[in-house]
């Protein structure tokens, strides 16, 4: 438990990262009030949790890193926030992110880019880059992010923290501003597996407000296993391509060795449809986004740009000026792939491919594999601006993470080493609703991996 | 219109009678102050998610079963995307290529073709949009989102209607059926029933379907026939003068009684339907469907047939009595009270329905009281005339029919001595008629009875009066 002033002081020390969107003055005031009101019996009593700006909170604005929701105050809390508050946690401000969670570097925020805590010339990853950076900088023990294609695991990997994306349907999406509804899940960052897991446990479980949330009890936290005896860990060969960064490969090989030493058996497996994952994702996610973002039209809330009397002009100017270029690009792509005459060729085929990708995982798990282990990202954190002019190369930084979203599986990234000081993340992908098994393996690896050593 | 046949299909939107909206808990009550029955879900606020209303799904299934549709165990909610200020999410949740139900029938009586079985192509669930109010503020449109998210079913007929009159008859039958099973109040004025029509014409005897137009903005029941006649006449005139019908949406203007094409700008060409990722497939178990089936009352057609068989009524009388569930139940309650069925039918079709028509469709005389009135007539206590007065009195003020009859002095006089007095007076006053009667003009008896009734101010028992008259006339010199 931390007192309100100490929390605010820690956050103000890392102001230069531009990771926090909430003005410090507002934050101090709110933290004092929240700490006074927090439930002392809650399992997270007094724990400050920073929250990505696309998760609705009654405290602070919820702008999704976008001009189009600048100053927007939600009249309600997301279910995950309600559960955090019930557990005694305090909301330690809203974190910067790529606009509407579309991006892999947190450079696509209307409120400026977030700096990597270890190298200000680099990006923290994205889209939940603000949350990852605050946890990595030690300003908060845990933070909420959201995932559609890797937006928690990828920045966790870049920043050297733990990031978990639960099974689709494990955590309510009520109050998570929708991007790709069939892929979106709220995820958690922590400095340790345990910090992240206990926050995840609190926010998980059934919710009558989300029809896609499974009717299940909250996740029960596993204990740290004595060994990995009996665990069968699969290494999908498609995730270790020849062109993989050598440092990333070395770090993964070391992690695998460390798991074997704890008794895990390891085998190579294949997920043959992996090469189609990124193109499939970049049809389905924009399609859903084009519809989800239709409500931002300047009519009911958010700023109106050029309040013209002509309705179409109002839509055009509000959406044209309110959305940044990456969001506009995806809305256009999504609109195109859903259009009559193109639907079958794009959206329908992408859904068919999605089913094949999910089947790949089932095939592997059906053959006795408990968990998969892969690199989280092909490279450590890249330089700011490096991929801004090349959307495809930016999209490919999610190449190892999008599959878990497409298949709805739980996955997480944990630090497994460094290269020239930059963190490298290793990824576990688990079976649906078996987060506990995945967490056990992560606990075991975390215990032995020298995460800050050069690989 | 000689030589032309009209082909019409109707798309009817019906509001389901639920307390709360389709995907949130807000009230569906009509007439509240603008934007008071709203929440994050039906306002389409960022982050809000829809959760289906089970009660609405049940009512929709009942509607589908009543129309003889195949109810699909798995159907899909889809998003229909278009921009409009009264559509807060930028899409409407509807159903598209996998609707709730398909392939039903609605039978109705056409004045031209007799019984017509119109195909119900599909029935699906959707949410309503809000309401744009263009005439409330100068140079501004206001939006009321109370209606946003209200549950609807859309019922699509095949191109099976052959005239505007048939369209009207179909719609009346549909309305009757849906009111009967209690799933909607089908009130066009409150917007709980709305209809769009697809209309094309062809040469009599042809079977092709020509280019159709869609007629919208038919906002009252009484306009259905008129609007479609106007559009049919427009198409016929167009084709006869060498023109071609183009596929477009026509807006009906009831004040001018004209149709005008919707500006192409107002039309949305591509709704980009896709399955709503916020809503899992709608799975209906056989048990759920069976439960909805068991909730269905006897349908109008079946009830009419039973009335003919059980109560020996004519088909016409049975049709009138089963036109609404309230009247049919009333009839059966009167019969059960008990009363003789044909007498009950006669009373209801004349007095009760006339009274209801003037009093907001309320059947004001309790079934038991009507049965009593019928019994008083049958037993000779009340004349028909007197009984109607008693009926009116019970309708207006309530109370016991016999007590009212007595207090109004309407109980028939069956005392032959009293009757004899009136008879003597009448015969004395009409000597010429008495003479003609005696010369064989016996049909004058009705005249004498009438005069006795008049002299008695309706209190005389007409049958007894006739007997006394016959005796007196026979014995008179």
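The values are calculated or read from the model by the stated rules, or taken from the named source; none is laboratory data. Keep in mind that this is a model prediction, so the values were computed, not measured. Counting neighbours? That spans all protein chains shown, and the Cβs are built from the backbone with ideal geometry, glycine included.
Residues that are within 12 Å of another protein chain (Cβ to nearest Cβ), closer than 21 Å to residue A:429 by Cα and surrounded by 15 or more Cβ atoms within 10 Å (Cβ to Cβ): does the stretch A:285-296 have at least one? The answer is yes; a qualifying residue exists. Based on this model, can you work out whether residue A:197 counts as in contact with a helix residue (DSSP H, G or I) (Cβ under 8 Å, 6 or more places away or on another chain) and either within 20 Å of residue A:10 (Cβ to Cβ) or outside the structural domain of residue A:19 (by TED's automatic domain parsing) (or both)? Taking the combined requirement at face value, the residue does not satisfy it. Could you go through the stretch B:102-116 and let me know if any residue there is touching a strand residue (DSSP E or B) at 6+ places or on another chain (Cβ under 7 Å), within 14 Å of chain A (Cβ to nearest Cβ) and either free of Cβ contacts under 8 Å to residues at least 24 places away in the same chain or buried (at least 19 other Cβ atoms within 10 Å of the Cβ) (or both). No, the stretch B:102-116 contains no residue that is touching a strand residue (DSSP E or B) at 6+ places or on another chain (Cβ under 7 Å), within 14 Å of chain A (Cβ to nearest Cβ) and either free of Cβ contacts under 8 Å to residues at least 24 places away in the same chain or buried (at least 19 other Cβ atoms within 10 Å of the Cβ) (or both).
Residue-wise test of (1) within 30 Å of residue A:40 (Cα to Cα); (2) within 14 Å of chain B (Cβ to nearest Cβ); (3) buried (at least 24 other Cβ atoms within 10 Å of the Cβ).
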| position | (1), (2), (3) |
| --- | --- |
| A:85 | yes, no, no |
| A:106 | no, no, yes |
| A:110 | no, no, no |
| A:128 | yes, no, yes |
| A:132 | yes, no, yes |
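Checked against the criterion of being surrounded by fewer than 18 Cβ atoms within 10 Å (Cβ to Cβ) and more than 14 Å from chain A (Cβ to nearest Cβ), the candidates B:280, B:366, B:341, B:300 yield just one match: B:366.
For residue A:100, the criteria (1) under 19 Å from residue A:14 (Cα atoms); (2) in a helix (DSSP H, G or I) hold in every case but one, which is (1).
Looking at A:319, A:300, A:312, just one residue is surrounded by fewer than 14 Cβ atoms within 10 Å (Cβ to Cβ) and within 14 Å of another protein chain (Cβ to nearest Cβ), and that residue is A:312.
What is the residue count in the stretch B:443-477 for residues that are more than 48 Å from the chain's Cα centre (by Cα) and free of Cβ contacts under 8 Å to residues at least 12 places away in the same chain? Residues that pass the stated criteria total 4.
For residue A:221, the conditions (1) within 14 Å of chain B (Cβ to nearest Cβ); (2) touching a residue at least 40 places away in the same chain (Cβ under 8 Å) all hold with the exception of (1). Residues that are within 28 Å of residue B:132 (Cα to Cα), crowded, with 16+ Cβ neighbours inside 10 Å and touching a helix residue (DSSP H, G or I) at 6+ places or on another chain (Cβ under 7 Å) are absent from the stretch B:234-245 altogether. For residue B:93, the stated conditions do not hold, so it cannot be described as within 21 Å of residue B:181 (Cβ to Cβ), in contact with a strand residue (DSSP E or B) (Cβ under 8 Å, 6 or more places away or on another chain) and within 14 Å of chain A (Cβ to nearest Cβ). Within the stretch A:123-146, is there a residue that is closer than 17 Å to residue A:408 by Cα, part of a loop (DSSP other than H, G, I, E, B) and out of contact with any strand residue (DSSP E or B) (no Cβ under 9 Å at 6 or more places or on another chain)? Within the stretch A:123-146, not a single residue is closer than 17 Å to residue A:408 by Cα, part of a loop (DSSP other than H, G, I, E, B) and out of contact with any strand residue (DSSP E or B) (no Cβ under 9 Å at 6 or more places or on another chain). Looking at the stretch A:343-351, can you tell me whether even one residue there is within 15 Å of residue A:290 (Cβ to Cβ) and surrounded by fewer than 19 Cβ atoms within 10 Å (Cβ to Cβ)? Yes, there is a match, as at least one residue in the stretch A:343-351 is within 15 Å of residue A:290 (Cβ to Cβ) and surrounded by fewer than 19 Cβ atoms within 10 Å (Cβ to Cβ). Going residue by residue through the stretch B:279-289, is there one that turns out to be assigned to a loop (DSSP other than H, G, I, E, B), closer than 30 Å to residue B:23 by Cα and at pLDDT below 95? The answer is no, given that none of the residues of the stretch B:279-289 is assigned to a loop (DSSP other than H, G, I, E, B), closer than 30 Å to residue B:23 by Cα and at pLDDT below 95. Taking the stretch A:429-450 as the range and being under 16 Å from residue A:409 (Cα atoms) and assigned to a loop (DSSP other than H, G, I, E, B) as the test, the residues that pass are A:430, A:431, A:432, A:433, A:434. Could you go through the stretch A:172-190 and let me know if any residue there is outside any strand (DSSP E or B), buried (at least 22 other Cβ atoms within 10 Å of the Cβ) and more than 14 Å from chain B (Cβ to nearest Cβ). No, the stretch A:172-190 contains no residue that is outside any strand (DSSP E or B), buried (at least 22 other Cβ atoms within 10 Å of the Cβ) and more than 14 Å from chain B (Cβ to nearest Cβ). Of the residues in the stretch B:66-86, at least one is within 11 Å of chain A (Cβ to nearest Cβ), out of contact with any helix residue (DSSP H, G or I) (no Cβ under 8 Å at 6 or more places or on another chain), within 27 Å of residue A:213 (Cβ to Cβ) and buried (at least 22 other Cβ atoms within 10 Å of the Cβ).
Of all residues in the stretch A:154-171, those being away from chain B (no Cβ under 14 Å) and over 18 Å from residue A:416 (Cβ atoms) number 3. Within this structure, residue A:426 fails the test of being over 20 Å from the mean Cα position of the chain (by Cα) and either outside any helix (DSSP H, G or I) or under 21 Å from residue A:249 (Cα atoms) (or both).
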